[in-house]
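Taking it in order: structure first as structure tokens, then the write-up.
The values are calculated or read from the model by the stated rules, or taken from the named source; none is laboratory data. Bear in mind the structure is a predicted one, so any value in this text is a computation, not a measurement. Quick reminder, even Gly has a Cβ in these numbers, built from the backbone with ideal geometry, and neighbours come from all protein chains shown. All accessible areas refer to the heavy atoms of the entire protein, side chains included, with ligands and DNA or RNA removed. Shrake-Rupley method; radii C 1.70, N 1.55, O 1.52, S 1.80 Å.
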Amino acid sequence: MLKLLLFLASITTAIVHLSIFLIWLFDWTILTTETGLITWGASIATGVLIYALCRKFIDADKCGIFTKRLIFTSTLMTVALALLSAVIEIAVRSMP
């Protein structure tokens, strides 16, 4: 039961991460609002939590490996987008 819940949570979180990526590409101003930043941070925290639970409770079968990799890569991509956005923001603010 826990394995199924973690799998469904991983898929849902990965969809949220993909949505954040697409919003970041097409209309990044949505992500710079208070709601956007809260959603972005919450999705990263959720991804880290699900990954930690997957490492602790899921076996190394095919589905478990897929779930771990899915949540790890989507969370890593979202963190990379946050860091890239911070670098871009710093670079833009330092321009005269």
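General observations
- Around the Cα centre of the chain, unit charges on the Cβ atoms of Lys, Arg, Asp and Glu (plus for the first two, minus for the last two) sum to a dipole of about 380 debye.
- Listed residues I58, I44, I30, most fluctuating in the chain (Gaussian network, C-alpha, under 10 Å): I30
- Per residue solvent-accessible surface (Å²) - the chain, probe of 1.4 Å: 69
- Apportionment of accessible area to carbon and sulfur, the range 1-91, percent (1.4 Å): 77
- Gain in span if fully extended, A60 to L5, counting 0.36 nm per residue against the direct Cα distance: 18.2 nm
- Mean Kyte hydropathy of 1.0 or more with a Cα span along the axis of at least 18 Å, helices from DSSP in the chain: 2-26, 62-93
- Over the chain: Rg over Rh, Cα atoms, Kirkwood Rh: 1.08
- Projecting the Cα atoms of L37, I58, A9 onto the charge dipole of the chain (Cβ charges, centred on the Cα centre) puts I58 farthest toward the positive pole.
- For the chain, the relative contact order comes to 38 percent (Cα pairs under 8 Å, sequence separation of at least 6).
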